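Visitor: Supplied in structure tokens, the structure appears directly below.
The values are calculated or read from the model by the stated rules, or taken from the named source; none is laboratory data. All figures in this text were calculated on a predicted structure; none of them were measured in a lab. No Cβ is skipped: glycine too gets one built from the backbone with ideal geometry, and neighbour counts run over all protein chains shown.
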């Protein structure tokens with residue numbers, strides 16, 4: 001019994017390390033990708049970033065619309081990720097999703113620094129903390145349980161293992177509920193706290 005628990009913990013630890021490795025790979029790729037862009041695309045990107053911060057600086061940000069858009073986009077991502085976890089083909093897509101989210105985060109971070117230099121470090125930090133970091137934690141947590149549930153499905157369907165899928169599904173759904181709560185908090189912080197912090201460094 002003790003050996004089984006140790007084996008389970010060892011497998012869970014390995015899965016976490018794999019997922020964290022994917023996140024680090026996405027972050028590393030995003031950090032360097034901005035320097036590989038063509039000058040025209042890079043200039044267009046930096047112009048878009050400037051417009052975004054100008055909107056925040058002039059207080060023209062529609063907070064209600066921003067909150068709805070944030071909840072909609074993050075909620076859709078959360079739902080897609082959860083659905084992938086209850087399919088037998090979802091594992092590679094979950095990993096690609098996790099890579100993409102970490103790539104976008106680091107790409108945005110380095111792009112802001114590229115545009116605003118020293119001031120950009122503080123702007124980039126206020127952009128990713130705390131909302132974007134919370135989002136990344138949500139993606140990691142749901143990815144972990146999603147991959148785990150998908151593996152259990154494969155074991156039951158193809159290896160004929162005896163696993164209580166009902167209990168596993170209940171736990172997976174509870175994790176989804178927790179992630180939804182944190183996601184709502186993240187969207188509120190992104191809408192009402194992050195712009196205020198950014199505006200402090202834009203003055």
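Visitor: Does residue 202 count as buried (at least 16 other Cβ atoms within 10 Å of the Cβ) and over 18 Å from residue 23 (Cβ atoms)?
Guide: Answer is yes for this residue.
Visitor: From 121, 112, grab the single residue that is surrounded by fewer than 21 Cβ atoms within 10 Å (Cβ to Cβ), in a helix (DSSP H, G or I), at pLDDT below 95 and in contact with a helix residue (DSSP H, G or I) (Cβ under 9 Å, 6 or more places away or on another chain).
Guide: Result: 121 is the single residue among 121, 112 that is surrounded by fewer than 21 Cβ atoms within 10 Å (Cβ to Cβ), in a helix (DSSP H, G or I), at pLDDT below 95 and in contact with a helix residue (DSSP H, G or I) (Cβ under 9 Å, 6 or more places away or on another chain).
Visitor: Working carefully through the options 141, 134, 183, find the one that is assigned to a helix (DSSP H, G or I), under 14 Å from the mean Cα position of the chain (by Cα) and free of Cβ contacts under 8 Å to residues at least 40 places away in the same chain.
Guide: 141
Visitor: State yes or no: is residue 88 loosely packed, with under 15 Cβ neighbours inside 10 Å, more than 26 Å from residue 184 (Cβ to Cβ) and either modelled with pLDDT of 95 or more or touching a helix residue (DSSP H, G or I) at 6+ places or on another chain (Cβ under 6 Å) (or both)?
Guide: yes
Visitor: Here is a follow-up. Does residue 97 qualify as being more than 23 Å from residue 181 (Cα to Cα) and either assigned to a helix (DSSP H, G or I) or modelled with pLDDT of 95 or more (or both)?
Guide: no
Visitor: To continue, here is another question. Can you pull out every residue in region 43-62 that is surrounded by 12 or more Cβ atoms within 10 Å (Cβ to Cβ) and touching a residue at least 12 places away in the same chain (Cβ under 8 Å)?
Guide: Residues satisfying the conditions are 45, 46, 49, 50, 53, 56, 57, 61.
Visitor: Sticking with this structure for a sec: Inspect all residues belonging to region 71-81 and state whether any of them is touching a helix residue (DSSP H, G or I) at 6+ places or on another chain (Cβ under 8 Å), within 28 Å of residue 201 (Cα to Cα) and at pLDDT 90 or above.
Guide: Checking region 71-81: at least one residue is touching a helix residue (DSSP H, G or I) at 6+ places or on another chain (Cβ under 8 Å), within 28 Å of residue 201 (Cα to Cα) and at pLDDT 90 or above.
Visitor: For region 144-176, give me the residue count where each residue is under 16 Å from residue 88 (Cβ atoms) and touching a helix residue (DSSP H, G or I) at 6+ places or on another chain (Cβ under 9 Å).
Guide: Of the residues in region 144-176, 17 are under 16 Å from residue 88 (Cβ atoms) and touching a helix residue (DSSP H, G or I) at 6+ places or on another chain (Cβ under 9 Å).
Visitor: Right, here's the next one. Checking residue 96 against (1) buried (at least 22 other Cβ atoms within 10 Å of the Cβ); (2) closer than 18 Å to residue 82 by Cα, which single condition isn't satisfied?
Guide: Result: residue 96 fails condition (1) only.
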